[in-house]
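The values are calculated or read from the model by the stated rules, or taken from the named source; none is laboratory data. Keep in mind it's a predicted model, so treat the numbers as computed, not measured. As a convention, Cβ positions derive from the backbone with ideal geometry for all residues, glycine included, and neighbour counts pool all protein chains shown.
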Amino acid sequence: MSGEILSFAARPAAPDPGRRRFLALATAACAAGIAGCARWPRATAANAPAMDAASFHAARRYTHTPFGDIAHVERGSGPAALFLHGFPLNSFQWRGALGRLAPYRRCIAPDFLGLGYTRVAEGRSCAPAAQVAMLVALLDALGIESADVVASDSGGAVAQLLVAQHPERVRSLLLTNCDTEQDCPPPAMLPVIELAKQGRFVDDWLGHWYRDHALARSAAGIGGMCYADPAHPSDEAIDTYFAPLLASQHSRDLAHAYAIALEHNALAGIGPALARTRMPVRIVWGDADTIFSPGDAGFLDRAFGHSQGVRRLPDSKLFWPEERPDVIAEEALELWREHA
């Protein structure tokens, strides 16, 4: 993830054919009188405001598991939906999607072990396999048998492991740009992993961005690397993402452990298990991503046994779900509606 390799000019968003497809389907469904259409009012999903940082912090809960006290934000009721964030972010990534989707699901966005506000139990790993076990323990503690899963970046790798190892816990899967068996980790992550091994990544990168928000949003920062909109990440997003990782030497060590664990291809050999899965899978990919290749989307489409295809966002980068929560809501609602 070097700034030289990853800087990418933002471009204006092109007309979104996926949104037209969603609106056409919703209109046709209502016109046909399909049962339950009233439960999916498009305006509610499209117009709900995102949580600000104060609301997000106020909503945080902790659930005790053998892996530690897992921080998570929950909104809505009914069948569960589980939102898995990327690195080095936390569940604040999903603040825009949660409000849009809370009318339809019990939306739960946890912080992974080693990131965000989760309090990791002594001696626990932050590797992807441990994250899967933690999620199963969290679902058990919350009384949830299965969930619709939405996942991004390294959270997408964890989601793939979850569906491969515990397919009965996942009703549907919506994936955005993330690791694949052929690209885990992507080459752009190798400098981050090396700095983490030296104990320097959190201070040398995140610390500089935390102190200088303009730098964070520049071509040399996480903004230029991972966001298309030069206004992202916002000041409160920078504070919410990086402050807990910079809080202590222990939090730095955990964040570094998370990054170092990504060096091993956690998805090696997962292909046959993904091919056997029967839950519906939808992939939405930002093609301007400079970390994961556009070709990875097609690889995922072919990997799953019941893929619903790929929607491409030509001008979006890795963390587009934070910038375009309307797209997450549209795609999730369509996936959930068609496979209720």
Legend entry - Unmet requirement for V149, which otherwise passes all of (1) crowded, with 22+ Cβ neighbours inside 10 Å; (2) in a helix (DSSP H, G or I): (2)
Legend entry - Residue match in segment 118-135 (condition: under 27 Å from E330 (Cβ atoms), under 20 Å from the mean Cα position of the chain (by Cα) and outside any helix (DSSP H, G or I)): no
Inset, instruction - Spot the failing condition for L115; the list is (1) surrounded by 22 or more Cβ atoms within 10 Å (Cβ to Cβ); (2) among the aliphatic types (A, V, I, L, M); (3) farther than 16 Å from H250 by Cβ, and only one is missed. - result: (3)
Inset, instruction - Output the residues belonging to segment 277-290 that are of a type in the set (K, R) and either part of a loop (DSSP other than H, G, I, E, B) or free of Cβ contacts under 8 Å to residues at least 60 places away in the same chain (or both). - result: R278
Inset, instruction - Show the residue pairs that are 6+ apart or on different chains and have beta-carbon atoms under 8 Å apart, the first residue being within segment 98-126 and under 17 Å from D52 (Cβ atoms), the second being part of a helix (DSSP H, G or I) and of a type in the set (D, E). - result: R100/D326
Inset, instruction - Being part of a strand (DSSP E or B) and in contact with a Pro (Cβ under 8 Å, 6 or more places away or on another chain) is the filter; apply it to segment 84-114 and report the residue that is farthest from L262 (Cα to Cα). - result: R106
Inset, instruction - Please name all residue pairs, on different chains or six or more residues apart, with Cβ atoms under 6 Å, provided the first residue is in segment 170-193 and is touching a residue at least 24 places away in the same chain (Cβ under 8 Å) and under 19 Å from G224 (Cα atoms) and the second residue is of a type in the set (D, E, K, R) and crowded, with 19+ Cβ neighbours inside 10 Å. - result: N177/D289; C178/D153
Legend entry - Flag if L262 is touching a Phe, Trp or Tyr at 6+ places or on another chain (Cβ under 9 Å) and surrounded by 23 or more Cβ atoms within 10 Å (Cβ to Cβ): yes
Inset, instruction - Please verify whether segment 184-198 includes one or more residues that are within 18 Å of L84 (Cα to Cα), at pLDDT 95 or above and surrounded by 17 or more Cβ atoms within 10 Å (Cβ to Cβ). - result: yes
Inset, instruction - Could you list, in sequence order, all residues of segment 291-325 that are of a type in the set (D, E, K, R) and either in a loop (DSSP other than H, G, I, E, B) or under 16 Å from A81 (Cβ atoms) (or both)? - result: D315, K317, R324
Inset, instruction - Could you list, in sequence order, all residues of segment 57-108 that are surrounded by fewer than 21 Cβ atoms within 10 Å (Cβ to Cβ), touching a Ser or Thr at 6+ places or on another chain (Cβ under 9 Å) and over 17 Å from V132 (Cβ atoms)? - result: H57, R60, Y62, D69, P79, A102, P103, R106
Inset, instruction - Give segment 45-97 a look and list any residue that's free of Cβ contacts under 8 Å to residues at least 60 places away in the same chain and among the aromatic types (F, W, Y), or say none. - result: Y62
Inset, instruction - Sort out for me the helices (runs of 4 or more DSSP H) sitting completely within segment 166-272 that have 3 or more residues that are out of contact with any helix residue (DSSP H, G or I) (no Cβ under 7 Å at 6 or more places or on another chain). - result: 190-197, 249-261
